[in-house]
Each structure stands twice: as C-alpha cells, then as structure tokens.
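The values are calculated or read from the model by the stated rules, or taken from the named source; none is laboratory data. What you see is a predicted model, and the numbers here were worked out from it, not measured in a lab. Backbone-built Cβ (ideal geometry, glycine too); neighbour counts: all protein chains shown.
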Amino acid sequence: MAVNPLTSVEDALDALLRGIETLDGEHIDCVDAAGRVLAEDISARLDVPGFDNSAMDGYALRHAEITRPLPISQRIAAGQPATALTPGTCARIFTGGEIPPGADTVIMQEKVSSNDNGHITVADSLGIDIEPGDNIRRQGRDVRVGDRLLSKGTKLEAAALGQLAGQGITSVTVTKAPRVALLSTGDEIVSPGKPLAPGQIYNSNRPMLKRLLERFGAHITMTADVPDAFKETSRLLRQAAETADVVVTTGGVSVGEEDHVKQALEQLGQLDLWQLAMKPGKPLALGRLPTHNGESRFVGLPGNPVSGYVGAWIYLRPLIGALLGCPTLSRLPSIPARAAFTEQTQIRRHYMRVTLSFTAQGPVAHAAADQNSAVLSSCVQANALAVIPEHSRINEGDSVECLWLVEG
Ligand SMILES: Nc1nc2c(c(=O)[nH]1)N[C@H]1C(S)=C(S)[C@@H](COP(=O)(O)OP(=O)(O)OC[C@H]3O[C@@H](n4cnc5c(N)ncnc54)[C@H](O)[C@@H]3O)O[C@H]1N2
Ligand code: MOO
C-alpha cells in the first residue's frame, strides 16, 4: 500500500502534546471551584460519617433486648447529642440522629407497635430478620481521616464538590485555566448583530468553539476578526500569542492564495504539521508561536464549521487536558456500536457525526444524513463521533468505534 502523504491523527496528537507541561496552580475558594482541576491531592481531615448514626426513623435499642416491650427513655433528632441508653429501654431516633452509647441496632418505626404508656414492641415476631447493627451508619464508613479524598488532576464536578464540603474544606489549589486566544479569519465573516453584505456569512465558529473550550476548562483571553491579509494576520497572531497559552484560528489554512495563516505562522514561529489523515479537518495546522516569556501553542482549525467542531474534540480537548493536568480529558470514552449506515474511506479517517441510541441489542449509531464539513446541523443532534479508519469499509450492522462527546 502506498505511504499515506497525510499525517495520522496519532502522530499529530503526539506532536501537539509533546513537551506540554501542566500549568501552575492557584488557590481559590471552593464556591468558585466548579469545573476546575485539582492541583493537589486532598486527604480527609474528618471521618464521614463523623459518628455512628441512624439510617432510619425508628428506635435504637440493644439487640439482645429485642423481644421485650421497651419503654422509650430518650428522643434523639438529627443534630442532638445522645446520652447512654439505659438498659431495658429504647431511644426514639430519627434519620441522622446519633446512636446512643449502648444501643447496637435501629428498628424502623414501621416494624414497631407502641402502646399508650410509651412502650414499644417489635411487630415482627421475635424480630427474626433483624440483625445486630441493622440501620446503623458507622463512623468512617464513607471516608476515614487520612484517606485520600480526591486526587490531583480530578475535575471538580458535583460529587467532588460535595466531598470537599463534607470535610468543611473552603479553599483548594487548582490548575490555572489555560488561556486561549480565538481568532476568526476570513473577509467574509461577520459577527451576528451586524448586517450581511452579499457574499458574507455569520461567524458560527466563534461561539461554538468558545463554548467547547470553556467546557474543556479553558479561559478565552482574546477574540478577533482577522482579515485575509498577511500583515494583519501576522500582527494579530503575535498579539494573540502574548495573551495566551494556545492560539486557535479558524479558516485560512487551505491552499488558496487568500489563506495566510500558515505563512504568517512560519514567519513568526514554527509550523509543526499540516494536512492530517482525517475527514473533516484535513488542512488542520499545528505549530508554535514565540512569546516574550516562552511560546504559545498554535492550532489552526479549518474554516468549515464541522471541521472546527471535530478538530476541537480531537485536538483541543486533550491539549487543554494536558495543560490542566487532567487525564480524563486526554481521551474521549470509546463505545462500540452497531452501524446503521455504510461508509467507505480512502486515505483519511472519517469522524462521522452520529447519534447513539441504546437498544436492548446494544448501542446503535445513526449517522447524520449530510456529513459534509460545512453542514453544522450534522453536529447539533450528534452525541458521538463514529471513527471509520483509513482504507476501510463499514457495512450496516458492522461494529464501529464511537467517541462519546463528553465535554469534561
Ligand atoms: N483546492 C483545494 N481547496 C480546498 C481544499 C484542498 O485541499 N484543496 N481543502 C478543503 C477543505 S477539506 C477544507 S476543510 C477547507 C478549509 O479551508 P480553510 O481552512 O482555508 O478555511 P476557509 O477557506 O477560510 O473557509 C472554509 C469555509 O468555511 C467558512 N468559514 C470560515 N470561517 C468561518 C466561521 N468563523 N464561521 C462560519 N463559517 C466559516 C468559509 O466561509 C468557507 O466556506 O478548504 C477546502 N478547500
Ligand atoms: O477537511 Mo475538510 O474539513 O474535509 O472539509
């Protein structure tokens, strides 16, 4: 087979991520930490639960005394301290209430009958299905002091934020958000809100990529419209690099004489790779731009909106992940599915926009009807990208690898 003249996605990813170091950390309040990535391991300072407590509304007692009628000697609501349980008695207790010393079992109130003079009797004859320890949530069952609570590199989503709060933690060190400059090239591109002249189109790429990048964890430092002119392209690339860890451009990376981005990049810095074995996204360009205190990575996405969309998932997500030191961003989860389409590829791997449906026979991938790289509607319903390798044919019913589009 002839050598593929295009660079493989794997080689492009290797080149893009080589030498990337995790950014520094910053200390922030937990109330601002949603979606940020931990730059430190966190150990538990408290047992959770902090004390044995009841999992049910009911009665705390000694299991050995379960068969007797028991008078109620104390009432323990959640948040109230308990005192030692007097032998031959039980305690009225509520979910979350502290187990009184001496009690070893909680009976839920549905299993108990009480009489007028405040005695309870366990309704279940002899309490046969009630074991010692039932309905008691033991101290430290969830987390013990000194346990690793959360690891460095964890994205702080809902459950992790709950864990931090459960420890009384109010501030954490997170990785600084990667700074991204987003430039839109093309004389035809106009921002929504302005009138369109003949031949012009609205800028779909900017809000689309801004949203994706922010969901990946980046902070957008600069956006700009770049006209199809070499000098202006150079000037704005230089300016963008100074504000950002990553400069992302859209458009202007193909072969036409109005495509100035590559030349400007080569003059200012370095073009590492151009022309990848993928569809959409073939003219994608990767490189670097020098700055006063180092360098900024450059990702030149093709102008076609779907090419930019797919390029963001395949390259920008792992790049932002590497800068954040967040391993879950390095790879999209892969789900094998049955193809509900046929497709044949040549030298480019095809990332088809598909909707996965989960049937009793397993996941099925339905391809968007029009897979052209200018047809952004193909992305709106898609929840995955089906990967059709180079030089292959997929028939309906064949198994196909699908990349699940999770942002974080
Ligand atoms: N002779 C060749 N022509 C093209 C080739 C090729 O190999 N030989 N490759 C085609 C492929 S594949 C792609 S993808 C595009 C990529 O071109 P560019 O990256 O240079 O992008 P532009 O030409 O600037 O724009 C392409 C297309 O996308 C529209 N566009 C651009 N920016 C935006 C935006 N922000 N929002 C919405 N739409 C945008 C632009 O108007 C063009 O229609 O090149 C092919 N050509
Ligand atoms: O690579 Mo282009 O993105 O096929 O349309």
Margin query: Please count how many residues of segment 274-284 are out of contact with any His (no Cβ under 6 Å at 6 or more places or on another chain), assigned to a strand (DSSP E or B) and at pLDDT 95 or above.
Written below: 2
Check: So is Pro336 outside any loop (DSSP other than H, G, I, E, B), loosely packed, with under 12 Cβ neighbours inside 10 Å and not hydrophobic (A, V, I, L, M, F, W, C) or not?
Finding: yes
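Yes/no per residue for (1) over 29 Å from the mean Cα position of the chain (by Cα); (2) within 16 Å of Leu316 (Cα to Cα); (3) among the acidic types (Asp, Glu):
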{"position": "Asp187", "(1), (2), (3)": "yes, no, yes"}
{"position": "Val190", "(1), (2), (3)": "yes, no, no"}
{"position": "Pro198", "(1), (2), (3)": "yes, no, no"}
{"position": "Asn203", "(1), (2), (3)": "no, no, no"}
{"position": "Arg206", "(1), (2), (3)": "no, yes, no"}
{"position": "Ala218", "(1), (2), (3)": "no, yes, no"}
{"position": "Lys231", "(1), (2), (3)": "yes, no, no"}
{"position": "Arg235", "(1), (2), (3)": "yes, no, no"}
Checklist line | Total residues in segment 263-300, condition more than 29 Å from the chain's Cα centre (by Cα), within 14 Å of ligand 1 (Cβ to nearest atom) and of a type in the set (D, E, K, R) | finding: 0
Next item on the list: Of the numbered conditions (1) without any contact (Cβ under 8 Å) to a residue 60 or more places away in the chain; (2) surrounded by fewer than 18 Cβ atoms within 10 Å (Cβ to Cβ); (3) not acidic (Asp, Glu), Pro327 fails exactly one; give the number of that condition.
Entry: (1)
Check: When Ala386 is evaluated against the numbered criteria (1) in a loop (DSSP other than H, G, I, E, B); (2) touching an Asp or Glu at 6+ places or on another chain (Cβ under 8 Å), which criterion, by number, is the only one it fails?
Finding: (1)
Notebook entry, point to check: When both residues are 6+ apart or on different chains and their Cβ atoms are under 6 Å apart, which pairs have a first residue that lies in segment 270-298 and is of a type in the set (A, V, I, L, M), and a second that is away from ligand 1 (no atom under 16 Å from the Cβ)?
Noted result: Leu273/Ala15; Ala277/Ser8; Leu286/Leu16; Leu286/Asp272; Leu289/Ala241; Leu289/Leu268; Leu289/Gly269; Leu289/Ser296
Check: Given the residues Leu164, Leu182, which is the only one that is outside any loop (DSSP other than H, G, I, E, B), touching a residue at least 12 places away in the same chain (Cβ under 8 Å) and not assigned by TED's automatic domain parsing to the domain that holds Ile42?
Finding: Leu182
Checklist line | Members of segment 339-366 found to be in a strand (DSSP E or B) and either within 16 Å of ligand 2 (Cβ to nearest atom) or acidic (Asp, Glu) (or both), listed by number | finding: Glu343, Gln344, Arg349, His350, Tyr351, Met352, Arg353
Margin query: Anything in segment 40-68 that is surrounded by 19 or more Cβ atoms within 10 Å (Cβ to Cβ), outside any loop (DSSP other than H, G, I, E, B), hydrophobic (A, V, I, L, M, F, W, C) and touching a helix residue (DSSP H, G or I) at 6+ places or on another chain (Cβ under 9 Å)? List them, or say none.
Written below: Ile42
